[in-house]
Amino acid sequence: RNDLPTFSLEDIQKHNNSDARIWVYYKEGVYDITEFVEGHPGGEQILMAAGGSVEPFWMIYGIHENPHVYAILETLRIGNLKKEDLKSLVDDMDDPYANEPRRHIALKPASKKPFNAELSPLLLCENFITPNELFYVRNHLPVPEVDPDNYELEVEIEGKSRILSFTLDELKKLPKHTITATIMCAGNRRSEMTKVKAVKGLNWGPAAIGNACWTGVKLRDILKLAGVTEDEENLKHVQFEGLDFDATSKQYGASIPLWKAIDNRGDVLLAYEMNGVPIPRDHGFPIRVIVPGVVGARNVKWLSRIYVSVNESPSHWQQNDYKGFSPSVDWDTVDYTKSPAIQELPVISAICNPLDGQKVHLEEGYLKVKGYAWSGGGQRIVRVDVTIDGGKTWHVANFDAQDSAVPPKHWAWTLWSLKIPINEKIKDGEELEIWVKAIDSCYNTQPESFENIWNLRGVLNNAYHRIKVNVCR
Ligand code: MTE
Ligand code: MO
């Protein structure tokens, strides 16, 4: 085959009718199928592939399953596709990640395919509202391209035959609600837990979290239109399916308890806006579920279907992931049926400025520390405590930004800061260890260390945040 001539895609495209002869390519081979087409009634369909790849046509007609087709094709081979062209084709067409949105360079990837990235904590804590372009991205699969004009949301209730469906315009005509809510990945701060012992998961720092204004329709309104009432007793869960598929054509999916979806205080939204603009592709365009107070994984993006059911979502991410386990459970002993799926998240906080390992300059003898604190389940942060002497003395931080919403509907994080007086005995270059913990409106607080909350998947990483800095005099 190496003795055959090489053709570029451009060469092949010129041969798209019987006068110029009909050429197609299949993988790296170039074929002249003029005679084949003329001798085969019905062969004219393949003319649509003339000058291009024959492969998608074989997919459509299913003839690729017939090994004779390859044998016949090989007898018609006239050359090979230019190497550079072949490579560009593989990159563009076979790569499910070829059509990803553009991302801001400030988002530092923890993985590229699928795309997962977080911002520097220094920037994260600067604004109560996280700008869309800088909001962490957590994708399990390629980002689907959804045409808003053809978008349809299906709503089905187990045991009822009627399926409701909504276009994007129909959803936008329903009563509109806006909430400010923090979304956090269950793996946020995983890199600290990893230091105790390796875990399986992306190595997130403390910025797999963000706070945004979400606008959309209340899921409760949709459920009511579908005939689900607040005193429903048999159905227990609301399942969501996304439009992102894995290699076996399974969609991303998750579910939440029905009470959270139907309760007016649940505030679950089918959001179409993020901070006043249509939700960006990375964050679920055109519709994503916002389940405030609940782990990021249930906030299904690119929503295509809602199924109200007796059961939880059968998806991998509901059944065999995003669950907590005892520190003594390992990959040989883990039984995913034994732990409930994570829903409401526990209280967490983090120091965003300074960074761990940084050299810090004092301001008139004070060290400035800033960060965020948040709790799941609609609880408010009531206090943030900081220590620089291993817990002998605690300083109470000031709240720089906090929503006025009342628990159990307090969905947004709290930004805090503090100026800690630094004793003159602390010399230039000396190391200081700063710890932070937050307390929520249930008076729940964070565990002291990662040792006793370690789990094999590295989720729920909410121990005291401890960082070391060096003082510059
Ligand atoms: N929804 C779909 N359809 N596909 C996904 O991969 N990831 C989930 C959730 N919803 C995901 C999804 C996880 S684990 C998190 S933490 C959040 O989306 C992340 O949302 P963000 O990328 O908008 O920050
Ligand atoms: Mo996540």
From the list Lys368, Lys409, pick out the single residue that is outside the structural domain of Cys185 (by TED's automatic domain parsing), under 28 Å from the mean Cα position of the chain (by Cα) and not hydroxyl-bearing (Ser, Thr, Tyr). Lys409
Would you point out which residue out of Gly242, Gly201, Gly227, Gly216 is farther than 24 Å from Leu123 by Cβ and in a loop (DSSP other than H, G, I, E, B)? Gly227
Residues that are away from ligand 2 (no atom under 16 Å from the Cβ), closer than 30 Å to Asp95 by Cα and outside any loop (DSSP other than H, G, I, E, B): does the range 169-178 have at least one? no
Strands (runs of 3 or more DSSP E) within the range 281-355 that include 2 or more residues farther than 25 Å from Trp413 by Cα: 303-309
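Being modelled with pLDDT of 95 or more, of a type in the set (Lys, Arg), surrounded by fewer than 16 Cβ atoms within 10 Å (Cβ to Cβ) and assigned to a strand (DSSP E or B) narrows it down to one of Lys392, Lys368, so name that one. Give the derivation first.
Details: Lys392 fails: assigned to a strand (DSSP E or B).
Result of the check over Lys392, Lys368: Lys368.
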Thr182 being part of a strand (DSSP E or B), crowded, with 16+ Cβ neighbours inside 10 Å and in the same structural domain as Glu133 (by TED's automatic domain parsing): yes
Given the criteria within 16 Å of ligand 2 (Cβ to nearest atom), touching a strand residue (DSSP E or B) at 6+ places or on another chain (Cβ under 8 Å), at pLDDT 95 or above and outside any strand (DSSP E or B), does Asn211 qualify? no
Please verify whether Ser191 is outside any loop (DSSP other than H, G, I, E, B), more than 14 Å from ligand 1 (Cβ to nearest atom) and under 22 Å from Ala350 (Cβ atoms), treating the condition exactly as stated. yes
What pairs come out if I take residues in the range 107-130 that are without any contact (Cβ under 8 Å) to a residue 60 or more places away in the chain and pair them with residues that are hydroxyl-bearing (Ser, Thr, Tyr) whose C-beta lies under 6 Å away, six or more apart or interchain? Lys113/Tyr97
Being among the small types (Gly, Ala, Ser) and away from ligand 2 (no atom under 16 Å from the Cβ) is the filter here, so list the residues in the range 298-330 that pass it. Ser304, Ser309, Ser326, Ser328
Find the residue count for the range 246-293, including only residues that are away from ligand 2 (no atom under 16 Å from the Cβ) and of a type in the set (Val, Ile, Thr). 6
Some residue of the range 75-86 being surrounded by fewer than 17 Cβ atoms within 10 Å (Cβ to Cβ), touching a His at 6+ places or on another chain (Cβ under 7 Å) and modelled with pLDDT of 90 or more: no
What's the number of the only condition in (1) of a type in the set (Ser, Thr, Tyr); (2) over 25 Å from Ile306 (Cα atoms); (3) free of Cβ contacts under 8 Å to residues at least 40 places away in the same chain that Ser165 fails to meet? (2)
Could you tell me whether Asp400 is of a type in the set (D, E, K, R) and either within 23 Å of Ala208 (Cβ to Cβ) or surrounded by 22 or more Cβ atoms within 10 Å (Cβ to Cβ) (or both)? yes
Considering the range 194-211, residues that are among the aliphatic types (A, V, I, L, M) and crowded, with 24+ Cβ neighbours inside 10 Å, and then whichever is farthest from ligand 1 (Cβ to nearest atom), we arrive at Ala207
Does the range 245-269 hold any residues that are surrounded by fewer than 24 Cβ atoms within 10 Å (Cβ to Cβ) and either hydrophobic (A, V, I, L, M, F, W, C) or part of a loop (DSSP other than H, G, I, E, B) (or both), and which are they? Phe245, Asp246, Ala247, Thr248, Ser249, Lys250, Leu258, Trp259, Ala261, Ile262, Asp263, Asp267
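The values are calculated or read from the model by the stated rules, or taken from the named source; none is laboratory data. From a predicted model like this one, the values you see are computed outputs, not experimental measurements. When we count neighbours, we look across all protein chains shown, and the Cβ atoms used for this are built from the backbone with ideal geometry, even at glycine.
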